[in-house]
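Beneath this line is the structure, given in structure tokens, with notes to follow.
The values are calculated or read from the model by the stated rules, or taken from the named source; none is laboratory data. A quick note: this is a predicted structure, and the numbers were derived from the prediction, not measured. Neighbour counts run over all protein chains shown; Cβ positions are idealised from the backbone, glycine included.
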Amino acid sequence: MRALVARGLPVDFTWCEGEARARALSEATGAVGRRLDLTDRAALQGFLRAVVDEGAPDVVLHCAAVSQARGLQDLTDDDWDRAVEVNGRSAFALCRALGPAMGARGGGDIVLVGALDRGQTLPLPVHFAATQGMLSAMTMALGKALGPVGVRVNMVALGPLGEGLSRALPASLVEDYRAFSALRRLGTAEEVARVLAWLALENTFMTGRVVTANGGI
Amino acid sequence: MGALLHPTTSLCRTCKRALPALVEAREDRSVWLSKSCPEHGAQSVRLSTDAAWYAATRAVKPVASAPRRTPRPVHFGCPFDCGACAQHGQKVRLPVVTITSACNLDCPICYVYNKNDGTWHMDVAAFRRILQHLKDDLGEVDIVNFTGGEPFLHPEFMTFLEVARDAGVHRVTICSNGLFLAKNEPLVKRLGELGARVALSFDTFDPQTDVVLQGSRLVEAKLRALDLTEKYNVDVTLIPVMTKGMNDHEVGAILRMAMERPNVRHVELHTITYTGQGGTHFDPSRSGRISMVEVLDRIAETTHGWLTREDFVSSPCAHPLCYQIAYLLLDPDGGPPVPFTRFMPREALYACLAERLYLEPSRALEDALQDAMDRLWVSDEPEAERTLKILRQLLGALFPRDRVITREEALRAAERASKAVYVHSHMDEDTFDVERLAQCCDSNCAEDGTTIPVCAYNVLYKEKEAEFMAAPRSWGERSGDVKLRRLAVLA
Amino acid sequence: MTGRLEGTRCLVTGGSRGLGRELCLAFAREGARVAFTFRRREADAEDTTLRLRALGCEPQCFQGDVADGAHAQAVVGALTRAWGGLDVLVNNAGVQHVVPLALLEEPDWDLMLNTCLKGPYLFSRAALRGMIRARKGTILNVGVFSSERIVEAPAHYAAAKAGLRGLTDALAREVGRHGVRVNMLSPGLLDVGLGRMLMPHRVEEYRAQAALGRTGTAEEVARMAVFLVSDENTFMTGARVTPDGGL
Ligand code: SF4
Ligand SMILES: [Zn+2]
């Protein structure tokens, strides 16, 4: 988000749990933050309707995701449902509400953030992997669905960063990544933000695709 | 009496009223159309010399492609409701625009009515309206054929070409006897620049025959027109009208010339009709009448078999008895041309012709060629190797490795690699068959948005137009009664 | 205002026309130093040079066959002497040859594989010595949409470009630890090259298939490429970027 603000663009964002961080971000960037629980269907609907009413945005980033570093036996149905709600369904609801509205305004870019391009083989938490596959396949179909109205939809598949959701990955996996990825390091939020900004702002001819920014795996 | 092949509706050769008619095969395998006028008596005409060919060809169903707009109600019954009416089976694939009644010749065999005293010229605004109507009907107009008279006699002829080009028509053809072109090099040059094509009547190499058919010696002038069009890259369609005993033995020579001259893209062989001011008086016994299948057989004889009956398919866009089409691949190394049917199934060629009257690059054609290449490649026949080599050279011209060519250059290379032979059989009062008419896709287009199949136009409708006739006829009482109408529907 | 590639030393193979030329121009607009190679088309190379000069960039221009190892060595050697090193290599040179298997002869295969696969190997190997020594650099391989999924493409072309994909992945893994990034850009049908030669019905087919309903421009693809080779891009390696209009 800071990468977008740095380019002088007006930005709104949502948050759910990290209230202190959200406030700090608002203060530092001047961007408007709103609390939103993506598992609350009514709240999400209301939020999306409000966004459309205010005038559809040019760029939408969907970065929200949840995961728990749990083995197959320990995963509950609730873990599954929550991952599907946040990682998958909210992205779907967002594209369904905002995509056509953006198209009506002349087009735009939606960038979904995920972790897999379906090319990797990694021992990820099962529910998380499932939602990432969902996201990348959905990106393909969204690209087809929204292309005709001039809205591009792409996904960035990130490798583990030194922060954020990567802390919900098994530690051994993160270590392996550090040792075996091409660049031999984890990413930083700042550098993947530059990739997101590039896709959101400079791409004009790619849609429905997953681009990896993972240091080479 | 022979076996009934089908009933239809025809016309009286004298009063042109609609008559119920029967098409029958006789003992000697010939096919006859018979009818009887209450006033002018029984009439019959031979339609074909080969009943089996006639029946098999007639059995080919054209692709259903009704016109989007039918400005005329079904009222009198076919062929008196043209415009088109709701019973017509084909949309216009070859829009014909008659732009002048003036002609610089008076050919004995001419099948249209022309008038040189008080000549009529279409004005450009009328042509613009015609284009608009066609666009409304067809979505895009990619082809227009100008005819007359002699279209070059229109004082504003070039404006017509420019208007057509600006409207995105990419295949403009002009029917001409060539005299004007032979004498007017700058005109030919301009045609080349505008990408226009000439449909040049060319009936014979023999000066004597020339005099009989066209009333004067034109061979030299026509050859000169061919030289000039070649010089300025103007594509040409040769239009020889076949008359039995007159020039049918020359068909091989004409085809050979067409194969050799690079700018001749098509040959469209017509069979003689006895309509029009010349046609009705020339050869009163009508002994020169020749049928489609006879032309095909004359082709096989005079080309020594490099083009035969089996190399032709019907046009899916028209009645099968109206158009027979062969495409040939040219051998850059000088061997005889190879008909497409020798390396692809006839059904494939037929399917490739479904969209347009002429073969254009398409997915279907590409697939058919790809199949053909695979088949040729796995074949052991010596002829297969030669054909494959020709196709390789063609691909090399389409996608040269040492330079980048534009799409236009590629299209031209593709066009120049092959030639087409069309046999097109028009109808006159004698041979008139509404079943064929209702599947016609060559229509004369008028300013008011009506489109009239050219045979109906030449035989019936042009008489109604004062522009072309000294004494225009009224529509009269020719249309049939209810019974006839039912026959027309059946057809 | 300084460009995003200010002072960056870039080499583009096959830069005399088409996408290669647009890449040179886009890099120059962002302040890069540009060199390009070409095989035969001197007039086009001259034209590219003039256009680059108009942008205030004095290009280095080399004639030769990318599949010739000596040529690759000579080009990289000359640039190292002139510039002190190389930051960006774009393996763009290719051949367009459309032919079904029935007509695909051994010389066709060799020419295709040599140009589209051996060339990138030779140039990458030549350039990587300096890049690894400097612990900095990036390679961008230009592929094509037909290597990304099964679409109709001549077998030798698809094979070469799929090979290039493998080369990209392997090189990315091998040289990443030295801070060198290797990515692949696989554009769809553009207003240059094949896109200008194909029959209209093929272009129409493409438009109908592409979600965005159009073919692309070399310019927009080149604009995307700027980020990929710039210092802004630090975490993408072994990645494939496929601007193809949503095929
Ligand atoms: S030829 Fe066609 S338009 Fe004319 S009357 Fe017959 S069916 Fe109708
Ligand atoms: Zn009568």
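In region C:211-232, which residues are in a loop (DSSP other than H, G, I, E, B), surrounded by 20 or more Cβ atoms within 10 Å (Cβ to Cβ) and either at the interface with chain A (Cβ under 7 Å from one of its Cβ atoms) or charged (D, E, K, R) (or both)?
Matches in region C:211-232: C:Ala211, C:Leu212.
Keeping to region B:165-202, report how many residues are touching a strand residue (DSSP E or B) at 6+ places or on another chain (Cβ under 9 Å) and either assigned to a helix (DSSP H, G or I) or within 16 Å of B:Phe146 (Cα to Cα) (or both). Please lay out each step first, then the result.
Filtering region B:165-202 for residues touching a strand residue (DSSP E or B) at 6+ places or on another chain (Cβ under 9 Å) gives B:165, B:167, B:169-178, B:181, B:188, B:191, B:194-202.
Those still in the list that are either assigned to a helix (DSSP H, G or I) or within 16 Å of B:Phe146 (Cα to Cα) (or both) too: B:165, B:167, B:169-178, B:181, B:188, B:191, B:194-201.
The total comes to 23.
Give me a count of the residues in region B:210-231 that are buried (at least 18 other Cβ atoms within 10 Å of the Cβ) and hydroxyl-bearing (Ser, Thr, Tyr).
Qualifying residue count, region B:210-231: 1.
So which residues in region C:189-200 are within 12 Å of chain A (Cβ to nearest Cβ) and either surrounded by fewer than 19 Cβ atoms within 10 Å (Cβ to Cβ) or touching a strand residue (DSSP E or B) at 6+ places or on another chain (Cβ under 6 Å) (or both)?
Passing the criteria: C:Leu190, C:Asp191.
Take B:Pro20 and tell me if it is within 16 Å of ligand 2 (Cβ to nearest atom), more than 18 Å from B:Asp428 (Cα to Cα) and at pLDDT 90 or above.
On the way: within 16 Å of ligand 2 (Cβ to nearest atom): yes; more than 18 Å from B:Asp428 (Cα to Cα): no; at pLDDT 90 or above: yes.
For B:Pro20, the condition - within 16 Å of ligand 2 (Cβ to nearest atom), more than 18 Å from B:Asp428 (Cα to Cα) and at pLDDT 90 or above - is not met.
When you go through B:Ala102, B:Ala66, B:Ala51, B:Ala25 one by one, which is the residue that is within 30 Å of B:Leu179 (Cβ to Cβ) and away from ligand 2 (no atom under 16 Å from the Cβ)? Break it down stepwise before answering.
Values: B:Ala66 fails: within 30 Å of B:Leu179 (Cβ to Cβ); B:Ala51 fails: within 30 Å of B:Leu179 (Cβ to Cβ); B:Ala25 fails: within 30 Å of B:Leu179 (Cβ to Cβ).
Just a single option satisfies the conditions, and that option is B:Ala102.
Considering (1) basic (Lys, Arg); (2) more than 20 Å from B:Leu321 (Cα to Cα); (3) away from ligand 2 (no atom under 16 Å from the Cβ), say which one B:Arg13 fails and leave the rest.
B:Arg13 satisfies all of (1) basic (Lys, Arg); (2) more than 20 Å from B:Leu321 (Cα to Cα); (3) away from ligand 2 (no atom under 16 Å from the Cβ) except (3).
Scanning for something within 16 Å of ligand 1 (Cβ to nearest atom) and either within 24 Å of the chain's Cα centre (by Cα) or charged (D, E, K, R) (or both), does region B:18-32 turn up at least one residue? So that I can check it myself, show each step before the final result.
Initially, region B:18-32 is screened for residues within 16 Å of ligand 1 (Cβ to nearest atom), giving B:18-21.
So of that shortlist, the ones also either within 24 Å of the chain's Cα centre (by Cα) or charged (D, E, K, R) (or both) come out as none.
Within region B:18-32 (the criterion being within 16 Å of ligand 1 (Cβ to nearest atom) and either within 24 Å of the chain's Cα centre (by Cα) or charged (D, E, K, R) (or both)), the answer is no, since none of the residues qualifies.
Does region B:183-195 contain any residue that is out of contact with any Asp or Glu (no Cβ under 7 Å at 6 or more places or on another chain) and under 30 Å from B:Met427 (Cβ atoms)?
no
Test B:Ala413 against the criterion of being among the small types (Gly, Ala, Ser), away from ligand 2 (no atom under 16 Å from the Cβ) and in contact with a strand residue (DSSP E or B) (Cβ under 7 Å, 6 or more places away or on another chain), and give yes or no. Steps first, answer last, please.
Working: among the small types (Gly, Ala, Ser): yes; away from ligand 2 (no atom under 16 Å from the Cβ): yes; in contact with a strand residue (DSSP E or B) (Cβ under 7 Å, 6 or more places away or on another chain): no.
No.
If I filter region A:182-211 down to residues being within 7 Å of chain C (Cβ to nearest Cβ) and within 13 Å of the chain's Cα centre (by Cα), which single residue comes out as nearest to C:Gln209 (Cα to Cα)? Reasoning before the result, please.
Taking region A:182-211 as the starting set, the residues that turn out to be within 7 Å of chain C (Cβ to nearest Cβ) are A:182-184, A:187, A:191-192, A:194-195, A:198, A:202-209, A:211.
Right, trim to within 13 Å of the chain's Cα centre (by Cα) and you get A:192, A:195, A:211.
Working: A:Val192: 31, A:Val195: 27, A:Val211: 21 Å.
Here the residue is A:Val211.
Is there a residue being within 13 Å of ligand 1 (Cβ to nearest atom) and in contact with a Phe, Trp or Tyr (Cβ under 8 Å, 6 or more places away or on another chain) anywhere in region B:61-68?
There is no residue in region B:61-68 that is within 13 Å of ligand 1 (Cβ to nearest atom) and in contact with a Phe, Trp or Tyr (Cβ under 8 Å, 6 or more places away or on another chain).
Scan C:Val175, C:Val182, C:Val203 and give me the residue that is β-branched (Val, Ile, Thr), facing another protein chain (nearest Cβ under 9 Å) and outside any helix (DSSP H, G or I). Let's see the steps before the verdict.
Numbers: C:Val175 fails: outside any helix (DSSP H, G or I); C:Val203 fails: outside any helix (DSSP H, G or I).
Matching residue, one of C:Val175, C:Val182, C:Val203: C:Val182.
Looking only at region B:447-461, decide whether some residue is facing chain C (nearest Cβ under 9 Å) and of a type in the set (A, V, I, L, M). Even if it seems obvious, please write down each step before you answer.
So the first thing to find is which residues in region B:447-461 are facing chain C (nearest Cβ under 9 Å), and the list is none.
Within region B:447-461 (the criterion being facing chain C (nearest Cβ under 9 Å) and of a type in the set (A, V, I, L, M)), the answer is no, since none of the residues qualifies.
Mind checking which residues of region B:309-332 are part of a loop (DSSP other than H, G, I, E, B) and farther than 25 Å from B:Arg407 by Cα?
Hits for region B:309-332 are B:Phe312, B:Ser315, B:Pro316, B:Cys317, B:Ala318, B:His319, B:Pro320, B:Leu321, B:Cys322.
For the condition within 14 Å of chain B (Cβ to nearest Cβ), in contact (Cβ under 8 Å) with a residue 40 or more places away in the chain and at negative phi, what is the one hit in C:Val99, C:Val88? Can you show your working first?
On the way: C:Val88 fails: within 14 Å of chain B (Cβ to nearest Cβ).
From the options C:Val99, C:Val88, the qualifying one is C:Val99.
Among the residues of region A:178-192, is any in a loop (DSSP other than H, G, I, E, B) and within 20 Å of A:Gly133 (Cα to Cα)?
To start, the set of residues in region A:178-192 that are in a loop (DSSP other than H, G, I, E, B) comprises A:181-186, A:188.
If we keep only those that are within 20 Å of A:Gly133 (Cα to Cα) too, we end up with none.
No, every residue in region A:178-192 fails to be in a loop (DSSP other than H, G, I, E, B) and within 20 Å of A:Gly133 (Cα to Cα).
Name, by its number, the condition in (1) within 9 Å of chain C (Cβ to nearest Cβ); (2) more than 30 Å from C:Arg41 (Cα to Cα); (3) free of Cβ contacts under 8 Å to residues at least 24 places away in the same chain that does not hold for B:Leu398.
Of everything listed in (1) within 9 Å of chain C (Cβ to nearest Cβ); (2) more than 30 Å from C:Arg41 (Cα to Cα); (3) free of Cβ contacts under 8 Å to residues at least 24 places away in the same chain, B:Leu398 misses just condition (2).
Being out of contact with any Ser or Thr (no Cβ under 7 Å at 6 or more places or on another chain) and among the hydrophobic types (A, V, I, L, M, F, W, C) is the filter here; which residues of region B:327-363 pass it?
Within region B:327-363, B:Phe340, B:Met344, B:Ala348, B:Ala351, B:Ala354, B:Leu359 meet the criteria.
Can you pull out every residue in region B:69-99 that is more than 22 Å from the chain's Cα centre (by Cα) and either within 16 Å of ligand 2 (Cβ to nearest atom) or within 14 Å of chain C (Cβ to nearest Cβ) (or both)?
B:Phe80 - this is the single residue of region B:69-99 that is more than 22 Å from the chain's Cα centre (by Cα) and either within 16 Å of ligand 2 (Cβ to nearest atom) or within 14 Å of chain C (Cβ to nearest Cβ) (or both).
Please go through region C:65-92 and pick out each residue that is under 16 Å from the mean Cα position of the chain (by Cα) and either small (Gly, Ala, Ser) or part of a strand (DSSP E or B) (or both).
C:Ala67, C:Ala72, C:Val88, C:Leu89, C:Val90, C:Asn91
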